[in-house]
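Trainee: Take a look at the following structure, please.
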Amino acid sequence: MHAITQSGWVEVISGSMFSGKTEELLRRLRRAEIAGQSVAVYKPAVDDRYGETTIGTHNGRQWDATVVDDDDPLGILDDDPAAEVVAIDEANFFSNDLVEACNALADRGSRVIVSGTDQTFRGEPFEPLPQLMATAEYVDKLRAICTVCGEPATRNQRLIEGEPAHVEDPTILVGAAESYEARCRDCHVLRTGERSERGEREERSERPDRAGGENAVDADRTNGASDADDD
């Protein structure tokens with residue numbers, strides 16, 4: 001692969017949960033620092049799994065990051081204009097304006113590295129990752145290991161109280177006892193049919209749409225699961 005040297009570009013690291021996306025992102029950042037390049041790292045405000053100002057992996061690797069409003073990724077453009085390398089983790093939680101932000105960063109000469117899950121818990125495209133993958137110069141789609149059969153995994157299996165999520169369950173749950181596994185296509189399961197009272201209660205706790213208040217989440221961005229991967 002011929003490396004671009006005369007301009008900026010966009011790299012996308014995508015894949016299922018537990019596929020090592022953030023681990024790969026941190027690896028590239030470490031190499032950039034060794035090369036003496038200035039680095040700026042960003043994360044969405046909605047993701048606070050490893051601390052409010054840190055991105056990290058389940059095996060303990062972390063990196064300081066600047067928190068950005070999920071709905072205003074264009075704010076990244078004014079934060080550190082001199083950064084040679086700009087990294088953005090959990091890109092799936094940002095609005096579609098992230099595509100414009102990444103292209104603008106690349107146009108002004110920055111190397112942009114974006115990491116995020118590209119599928120919802122239903123196995124549907126999780127914007128804005130598909131748009132970023134279409135316009136990026138470099139795309140790597142990582143695979144995890146299916147927890148059921150051991151085959152390469154590309155799907156995010158949501159479990160609630162140990163049971164597969166219902167296809168009509170809300171996609172971002174507030175205060176629910178949810179967990180996730182990496183699954184292959186054959187082992188990925190969505191419940192159908194009548195929903196339980198539990199599922200209906202959880203739907204009432206779902207975040208409202210953007211018109212509903214300051215904590216709202218755009219429906220285009222709630223078609224998937226929280227990316228709690230060993231990335």
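Trainee: For the subset of segment 34-54 comprising residues that are at pLDDT 90 or above, surrounded by 13 or more Cβ atoms within 10 Å (Cβ to Cβ) and not hydroxyl-bearing (Ser, Thr, Tyr), which member is farthest from Gly109 (Cα to Cα)?
Mentor: Pro44
Trainee: Which one of Thr57, Thr5 is at pLDDT below 90, under 15 Å from the mean Cα position of the chain (by Cα) and either closer than 22 Å to Ser95 by Cα or among the polar types (S, T, N, Q) (or both)?
Mentor: Going through Thr57, Thr5 in turn, just one is at pLDDT below 90, under 15 Å from the mean Cα position of the chain (by Cα) and either closer than 22 Å to Ser95 by Cα or among the polar types (S, T, N, Q) (or both): Thr57.
Trainee: For segment 92-128, which residues satisfy the criterion of being surrounded by fewer than 20 Cβ atoms within 10 Å (Cβ to Cβ), closer than 23 Å to Leu29 by Cβ and touching a strand residue (DSSP E or B) at 6+ places or on another chain (Cβ under 9 Å)?
Mentor: If the condition is that a residue be surrounded by fewer than 20 Cβ atoms within 10 Å (Cβ to Cβ), closer than 23 Å to Leu29 by Cβ and touching a strand residue (DSSP E or B) at 6+ places or on another chain (Cβ under 9 Å), then Asn103 is the only one that fits.
Trainee: Please indicate, with yes or no, whether at least one residue in segment 151-158 is at pLDDT below 95 and outside any strand (DSSP E or B).
Mentor: no
Table: residues versus (1) assigned to a strand (DSSP E or B); (2) within 18 Å of Met17 (Cβ to Cβ); (3) modelled with pLDDT of 95 or more; (4) polar (S, T, N, Q).
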residue	(1), (2), (3), (4)
Glu127	no, yes, no, no
Gln131	no, no, yes, yes
Val148	no, yes, yes, no
Glu168	no, no, no, no
Val174	no, no, no, no
Arg185	no, yes, yes, no
His188	no, yes, yes, no
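Trainee: Then there is this: Starting from segment 92-109, keep only residues that are of a type in the set (Lys, Arg), then list their pairs with residues that are not in a helix (DSSP H, G or I) whose Cβ atoms are within a distance under 9 Å, requiring at least 6 positions of separation or different chains.
Mentor: Arg108/Gly8; Arg108/Pro81
The values are calculated or read from the model by the stated rules, or taken from the named source; none is laboratory data. Just so we're clear, the structure is a prediction, and the values are computed from it rather than from any experiment. For neighbour counting, all protein chains shown are included, and Cβ atoms are generated from backbone atoms with ideal geometry for every residue, glycine included.
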